[in-house]
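Notes follow the structure.
A short reminder: the numbers here are calculations on the coordinates, not readings from a lab. Here the structure is a predicted model, which is why all the values come from computation and not from measurement. All Cβ positions, even for glycine, are placed from backbone atoms using ideal geometry, and neighbour counts span all protein chains on display.
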Amino acid sequence: MHFFRIEFVYFVFLFVLLQKNYRKEILIMIQEIKIKNFRSFKDEVVFSFEASNDKFAESSQVVQINENTRLLRFAVIYGYNASGKSNLLNVFDFLSYFWSNKPDDLSEETEVEPFKLDQSSSNEPSQFELIFFVNETKYWYQLILDRHQIYYEKLLYYKSTQPIMLFERKLEGNRSLIEFNDNGNGDKIGTTDKKTINSYCLKNTSFFVARNQVNVDLPLIDTAKDWLRNQIMPSIYPDTRLTNYAQRKTSENRNITKHIIDFLHEADFNITNIQSDVINRRISDDMIDFLLEDQDTSNVEKERIKKEKTIRHIQTIFEHTIENETGLETYQMDKSDESTGTLRTFGLETALYELTNHKSFLPIDEIETSLHPKLLEKILFEYLRNYSKSQIIIATHNDGLLDLVDDLIRKDSVWFTEKKKSGVTDLYKLTDFRGVNRLSSIREAYRNKRFGATMK
């Protein structure tokens with residue numbers, strides 16, 4: 001009995017230690033986003049990653065933030081063509097652009113797009129609210145703006161059940177005025193720095209852009225700012241040039257290459273190696289002049305081109321091992337010889353590796369593009385079974401995934417978009433419907449228009 005007591009005490013000690021280390025792990029996740037008057041979202045809609053009480057795939061697909069908050073790692077959106085699926089993903093692209101873009105002058109537009117099929121809405125501001133967690137700190141960001149100016153911008157955080165303001169930005173006349181929390185619950189900031197930030201905060205500029213131009217320590221604000229600007233990955237669309245992205249990442253990190261090779265092997269590709277190398281090629285003076293004038297060429301790259309007089313080209317070789325009557329044979333093939341599906345998988349797996357390792361957020365539109373349905377299932381299976389505090393939201397027309405509800409996908413992960421006759425997008429989730437648990441086939445119910453979001 002003494003032995004068992006010692007063993008039990010040791011187990012409890014180890015459990016507590018693991019829990020402490022678990023709590024120290026960086027955690028960055030979205031809880032919900034509210035959207036109003038943006039593209040096809042005329043009326044306010046709410047998208048949420050909050051998990052229901054369903055215990056399916058609890059350990060791998062649900063992250064327990066605190067006692068009262070459980071967030072999903074995955075969401076899938078269904079809807080007919082032009083129903084608004086892509087517009088939901090566009091929200092994150094717009095916000096990422098807005099938080100980072102530094103306008104050249106006051107005349108530059110914010111590039112927000114209101115609902116245009118209504119005379120009043122097209123002239124009204126768009127509104128966004130984002131609730132997210134960085135570690136155990138809950139943040140609440142609010143934004144109201146139109147094409148020309150920001151009317152309102154605010155960041156709050158929670159020390160308890162009540163939110164505490166960190167900054168609040170209002171438009172008074174033609175000037176943005178920013179107030180900070182001075183009651184000891186926010187970041188400490190001196191009068192001079194306040195005035196400087198206000199001077200940089202143009203009416204068409206995000207607070208975060210203005211803040212970056214002032215050398216001042218704002219830990220609470222910067223924790224949120226850094227996540228918003230760095231951890232929301234650019235959306236992947238059917239025409240996104242993923243191959244170039246994957247080439248660059250694999251040339252920098254051999255671990256990514258190993259991950260992709262292992263995946264391709266399990267997925268029954270005959271690819272046994274991938275080698276991406278950076279090659280510098282000499283270029284003519286005319287080509288140098290062209291690149292130096294090209295707006296798409298970064299300033300850092302321009303300086304390198306002027307110095308080295310070369311362009312950087314990444315060459316990727318795929319090694320194929322086949323078995324025939326003579327035994328095993330190996331062949332090397334350029335990316336141009338690979339199928340569209342192989343290159344799409346190459347790109348997607350690279351993005352998902354970066355996603356999970358950096359605990360980021362990634363939207364993917366029409367994820368099934370160029371992929372066999374079983375390969376798509378394999379990609380999602382590998383992501384969902386490998387526990388990480390990352391999140392993805394995908395839009396798809398592949399209703400075969402609905403057959404995987406309660407086998408791979410949770411019911412509360414499934415959402416729908418439907419466009420009304422007025423052109424307005426309605427957003428709702430599978431668990432809004434009564435009797436879902438009694439359905440023999442979610443897929444057949446969807447095809448039979450049980451949930452809408454299909455062709456009329």
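The magnitude of the dipole of segment 234-359, with charges of +1 and -1 set on the Cβ of Lys/Arg and Asp/Glu and taken from the Cα centre, is near 640 debye.
Helices that extend 20 Å or more along their long axis by alpha-carbon positions and average at least -0.5 on the Kyte-Doolittle scale are, among the DSSP H runs of the chain, 2-24, 85-100, 340-358. Spin-label model, residue 455 to residue 223: label points 7 Å out along the Cα-to-beta-carbon direction sit 5.1 nm apart. Phi-derived couplings, Karplus 6.51 cos²θ - 1.76 cosθ + 1.60 at θ = phi - 60°, listed residue by residue for segment 402-412: 5, 6, 9, 4, 6, 10, 10, 10, 7, 4, 6 Hz, with x used for Gly and Pro. When only the Cβ of Lys, Arg, Asp and Glu is charged (+1, +1, -1, -1), the dipole of segment 316-456 relative to its Cα centre reaches about 1380 debye. When only Cα pairs below 8 angstrom with a gap of at least 6 residues are kept, the chain shows a relative contact order of 19 percent. Toward the positive end of the charge dipole of the chain, with +1 on the Cβ of Lys and Arg and -1 on the Cβ of Asp and Glu, the farthest Cα among 373, 298, 41 is that of 41.
Here segment 292-401 carries DSSP beta bridges of which approximately 60% are antiparallel, counting only pairs with both residues inside.
Between residue 282 and residue 158, what FRET efficiency follows from the Cβ-Cβ distance if R0 is 60 Å, with the result rounded to 0.05? After rounding, the FRET efficiency stands at 0.55. Between amide H atoms placed 1.01 Å from N, distances below 5 Å from residue 166 occur with 155, 156, 157, all of them 5 or more places distant or on a separate chain. Each Lys or Arg adds one and each Asp or Glu subtracts one; over the other residues with Cβ under 13 Å from the Cβ of residue 445, this totals +4.
Taking amide H positions as modeled 1.01 Å from N, with prolines and chain starts lacking one, the residues under 5 Å from residue 42 and 5 or more places away or on another chain are 37, 425.
Shown for 122, 160: other C-beta atoms within 10 Å of each C-beta, ranked fewest to most, produce the order 160, 122. Note on residue 340 and residue 56: with the Förster distance fixed at 25 Å, the Cβ-Cβ geometry gives a FRET efficiency of about 0.15. Distance between the 7 Å Cα→Cβ label points at residue 372 and residue 239: 2.9 nm. When Cα extents along the principal axes in Å is calculated directly from the model, which label among (i) 81, 76, 66; (ii) 92, 50, 35; (iii) 77, 74, 45 fits? For Cα extents along the principal axes in Å, the calculated option is (i).
Oblate is the label for segment 84-225, because the ratio a/c of its alpha-carbon gyration tensor axes (a ≥ b ≥ c) is 1.5 or higher and a/b is not greater than b/c.
Projecting the Cα atoms of 107, 207, 97 onto the charge dipole of the chain (Cβ charges, centred on the Cα centre) puts 207 farthest toward the positive pole.
In segment 234-359, Cα pairs under 8 Å separated by at least six residues give a relative contact order of 31 percent. Net charge dipole, the chain: roughly 1380 debye, given to the nearest 20, about the Cα centre with Cβ charges of +1 for Lys and Arg and -1 for Asp and Glu. If R0 is 56 Å, the Cβ-Cβ spacing of residue 303 and residue 439 corresponds to a FRET efficiency of close to 0.40. Around residue 216, under 12 Å between beta carbons, what's the net of Lys plus Arg minus Asp minus Glu among the other residues? In short, 0.
Each helix, a run of at least 4 DSSP H residues, gives -39500 (n - 2.57); summed and divided by the residues of the chain, these come to -10000 deg cm²/dmol at 222 nm. Beta bridges assigned by DSSP with both partners in the chain are antiparallel in approximately 85 percent of cases. Hey, if you put +1 on the Cβ of every Lys and Arg and -1 on every Asp and Glu Cβ in segment 325-456, which of 395, 356, 430 ends up farthest toward the positive end of that dipole? It is 430.
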